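Notes follow once the structure below has been shown.
The numbers here are math on the coordinates, done by the rules we state, and not lab data. What you see is a predicted model; the values in this text were computed from it and never measured. Positions of Cβ are generated from backbone atoms using ideal geometry, with glycine treated the same way; all protein chains shown enter the neighbour counts.
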Ligand code: ASN
């Protein structure tokens, strides 16, 4: 009953409406930015034999449907790669729900959700630098649009949204780890006054290893300043069958569910591409200046959620 009362009170909070208005303008700005650049918009899918293996351990989210073992989408990465092979789909984006059943270790994290939405894009024949430039322009555009259309709501939330005139700085994981230790991302995020990129992360097999430079990767994260942490991750993709196999084997992955994906790669169907995905609730948390990510959504899906509704 106490949870019930708290939910009713939360729905009635004056900030709820301000955040909803900001949410609408944020999504409009992101989508318009890419539609005006000739991107095609996909609708999400939630069931597939494969999904993103992720770089961290989560509980499995799978269901049995007749003879099919299906995973719930953790990220739409593989369907982005495959969608690029469709006619007229050289540049795509999707607002996609992602299910990640996080371990209790992050129960108190103010920036993890069990289900969240990702603004995911992918571009055929694109390299990492071009993708990062697009991300920077898209983020600046979105913040400007929100500032323009939601000044009243931002003021109501007590949020002064900064305007970034200069280029977002680019660091590598190596230099930051050497200077600040393993927790470099949070350390830098707290110190920073503008969003910044960090390149070269050792993570999932699909992010492209730098050709000729084993153990280096053509991938990147965007990190919010003011301690808000990771905003987006992206990279160039592996697309060659042999290299994909090598990377999967290195990570000790079970290749069985990936049969059709590997067959697509073996036939040379996967194009070289780059892309990334922006966490929408994390973006809203940053824009609205809220303490906890659950505060930007109506229905609580934080790791410690009691799933009232
Ligand atoms: N969406 C990310 C990407 O495009 C992948 C992820 O969410 N893990 O690289």
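Out of 184, 116, I need the residue that is surrounded by 16 or more Cβ atoms within 10 Å (Cβ to Cβ) and more than 14 Å from the ligand (Cβ to nearest atom). Which one?
On inspection, the qualifying residue turns out to be 184.
Do you know which residues across the range 30-74 are closer than 20 Å to residue 252 by Cβ, within 15 Å of the ligand (Cβ to nearest atom) and either in contact with a helix residue (DSSP H, G or I) (Cβ under 9 Å, 6 or more places away or on another chain) or assigned to a loop (DSSP other than H, G, I, E, B) (or both)?
Within the range 30-74, 50, 51, 52, 53, 54, 55, 56, 57, 71, 74 meet the criteria.
Looking only at residues in the range 80-94 that are assigned to a strand (DSSP E or B) and within 12 Å of the ligand (Cβ to nearest atom), which one is surrounded by the fewest Cβ atoms within 10 Å (Cβ to Cβ)?
Selected residue: 94.
Under 9 Å between Cβ atoms, which residue pairs at least 6 apart in sequence (or on different chains) link something in the range 26-53 that is within 16 Å of residue 143 (Cβ to Cβ) with a partner that is away from the ligand (no atom under 15 Å from the Cβ) and in a loop (DSSP other than H, G, I, E, B)?
Qualifying pairs under 9 Å: 26/150.
Out of (1) part of a loop (DSSP other than H, G, I, E, B); (2) within 16 Å of the ligand (Cβ to nearest atom); (3) touching a residue at least 60 places away in the same chain (Cβ under 8 Å), what's the single condition that is false for residue 159?
(2)
Between a residue in the range 93-109 that is over 24 Å from residue 275 (Cβ atoms) and any residue that is within 12 Å of the ligand (Cβ to nearest atom), which pairs come within a Cβ distance under 8 Å, given they are 6 or more apart or on different chains?
These pairs meet every condition: 101/58; 103/58.
Condition check ((1) surrounded by fewer than 16 Cβ atoms within 10 Å (Cβ to Cβ); (2) closer than 20 Å to residue 83 by Cβ) across all residues:
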| site | (1), (2) |
| --- | --- |
| 192 | no, no |
| 198 | no, no |
| 202 | yes, no |
| 215 | yes, no |
| 237 | no, yes |
| 244 | no, yes |
| 274 | no, yes |
| 278 | no, yes |
